[in-house]
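The values are calculated or read from the model by the stated rules, or taken from the named source; none is laboratory data. Just so it is clear, the structure is predicted and the values come from calculations on it, not from any experiment. Don't worry about glycine lacking a Cβ; one is built from the backbone with ideal geometry, like all the others, and counts go over all protein chains shown.
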């Protein structure tokens with residue numbers, strides 16, 4: 001009952017803001033190219049032109065994103081936040097925690113896949129007729 005009296009009316013501060021389309025496009029292209037390069041590197045080879053091209057596109061697009069965000073009046077990602085040591089430290093720590101957790105889940109899968117391939121290879125050596133049948 002006292003809320004209308006004690007609490008001020010809030011104002012929409014985003015009324016003058018617009019969608020940061022250049023930032024959205026450059027970050028989207030950059031992240032897509034980076035992830036595509038990592039995913040397809042085992043298929044095409046790390047030194048293939050397609051993978052190197054994907055990483056170059058990612059580097060160019062993410063560099064353009066940072067350049068655009070520095071000049072934008074209302075940026076999608078306020079880069080001045082990274083001047084704060086606490087903010088930068090927390091993000092760095094979460095990055096390494098994420099890598100550690102990813103390794104915790106993916107390392108057993110990779111080892112299992114390697115073991116399965118070794119088992120299949122040994123089985124073919126023992127049963128030459130199985131190779132002919134396949």
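Here are some notes:
- Long-range neighbours under 7 Å by Cβ, at least six apart or interchain, first residue more than 21 Å from residue 54 (Cβ to Cβ) within segment 4-33, second surrounded by 10 or more Cβ atoms within 10 Å (Cβ to Cβ) and at pLDDT 95 or above: none
- Residue 7 vs. criteria over 25 Å from residue 79 (Cα atoms), in the same structural domain as residue 79 (by TED's automatic domain parsing) and modelled with pLDDT under 95: no
- Residues of segment 10-42 classified as modelled with pLDDT under 90 and more than 14 Å from residue 72 (Cα to Cα), total: 7
- Pairing each residue of segment 82-99 that is touching a residue at least 12 places away in the same chain (Cβ under 8 Å) with any residue that is in a helix (DSSP H, G or I), provided the two are 6+ apart or on different chains, yields no C-beta distance under 9 Å.
- In this structure, residue 107 does satisfy being modelled with pLDDT under 95, more than 30 Å from residue 20 (Cβ to Cβ) and under 23 Å from the mean Cα position of the chain (by Cα).
Yes or no, residue by residue, for (1) out of contact with any helix residue (DSSP H, G or I) (no Cβ under 7 Å at 6 or more places or on another chain); (2) assigned by TED's automatic domain parsing to the domain that holds residue 23; (3) surrounded by 10 or more Cβ atoms within 10 Å (Cβ to Cβ); (4) more than 30 Å from residue 24 (Cβ to Cβ):
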{"site": "78", "(1), (2), (3), (4)": "yes, yes, yes, no"}
{"site": "89", "(1), (2), (3), (4)": "yes, no, yes, no"}
{"site": "93", "(1), (2), (3), (4)": "yes, no, yes, no"}
{"site": "98", "(1), (2), (3), (4)": "yes, no, yes, no"}
{"site": "108", "(1), (2), (3), (4)": "yes, no, yes, yes"}
{"site": "111", "(1), (2), (3), (4)": "yes, no, yes, yes"}
{"site": "116", "(1), (2), (3), (4)": "yes, no, yes, yes"}
{"site": "122", "(1), (2), (3), (4)": "yes, no, yes, yes"}
